[in-house]
Amino acid sequence: MIFTQCLHPLECAFIMGTERFSEYEGYGKTFTFKGNFDDNTLINRIGRMGTDILAIDASLCFPPTDIKYYEQYTSDRIQRELDKLYVGTKKNIYSELENDAFVATGNWGCGAFHGNMELKALLQVIAISVSGKNIYYCAFNEMDFAVQLGSLIKALKKKHINTDTLYNFIESYNSDIISKVTLESPPNITLFNYILEKLNSIQ
């Protein structure tokens, strides 16, 4: 964004009362205008549209070809992302969005920032859940990933897994799998599949 200063680790930026004017398709380089849009979002009690845009910066990770790519699984890097996500989605005095509101998000911190999609998705699930909001995940063209995420969330709910336990699963994945990774020996199991194995072991 060109209209805000550099954000510190516990800062985010809000654009409140936003109105949508355009239909569109695509993302990034494929983003194109597809016509006018009539935004019928309800007006809130202070007379503005009941939509907020949240800007939070993810950590820049190394590309997958670099062994430092796996640093994003360490406790301090995970905590940084969770703090940033929670600061952005928790209840605050400036936003009209209450508990149970929906946060529309997607592959945050992936793409140019090289974040791992499975890790970043689960961190968003944890932080948004703790903030008392619902998550509306837009996977764009990553349809296989969307199906896998949906299946994992259903499995977590079926086993009544809370956010603390999900966080511990991620920590265990780092210690059991990621800590043993080299460039010649990548992870032998994905984070999603590792967690599914943990769930299957729960009676």
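The values are calculated or read from the model by the stated rules, or taken from the named source; none is laboratory data. Bear in mind the structure is a predicted one, so any value in this text is a computation, not a measurement. Positions of Cβ are backbone-derived with ideal geometry, glycine not excepted, and every protein chain shown enters the neighbour counts.
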Checking D83, D100, D38 in turn, the sole residue that is surrounded by 12 or more Cβ atoms within 10 Å (Cβ to Cβ) and of a type in the set (D, E, K, R) turns out to be D83
Restrict the check to the range 8-18 and report whether at least one residue is assigned to a loop (DSSP other than H, G, I, E, B), surrounded by 16 or more Cβ atoms within 10 Å (Cβ to Cβ) and either of a type outside the set (F, W, Y) or at negative phi (or both). yes
What is the one condition in (1) charged (D, E, K, R); (2) outside any helix (DSSP H, G or I); (3) more than 18 Å from G17 (Cα to Cα) that R80 does not satisfy? (2)
Residues of the range 110-125 being closer than 21 Å to L60 by Cβ, free of Cβ contacts under 8 Å to residues at least 60 places away in the same chain and assigned to a helix (DSSP H, G or I), which ones? A112, F113, M117, A121, L123, Q124
Mind counting the residues in the range 144-176 that are in a loop (DSSP other than H, G, I, E, B) and surrounded by 18 or more Cβ atoms within 10 Å (Cβ to Cβ)? 1
Please indicate, with yes or no, whether at least one residue in the range 58-75 is farther than 30 Å from S175 by Cβ, of a type outside the set (D, E, K, R) and surrounded by 12 or more Cβ atoms within 10 Å (Cβ to Cβ). no
Hits in the range 89-109 - residues which are touching a helix residue (DSSP H, G or I) at 6+ places or on another chain (Cβ under 7 Å), at pLDDT below 95 and not in a strand (DSSP E or B): T89
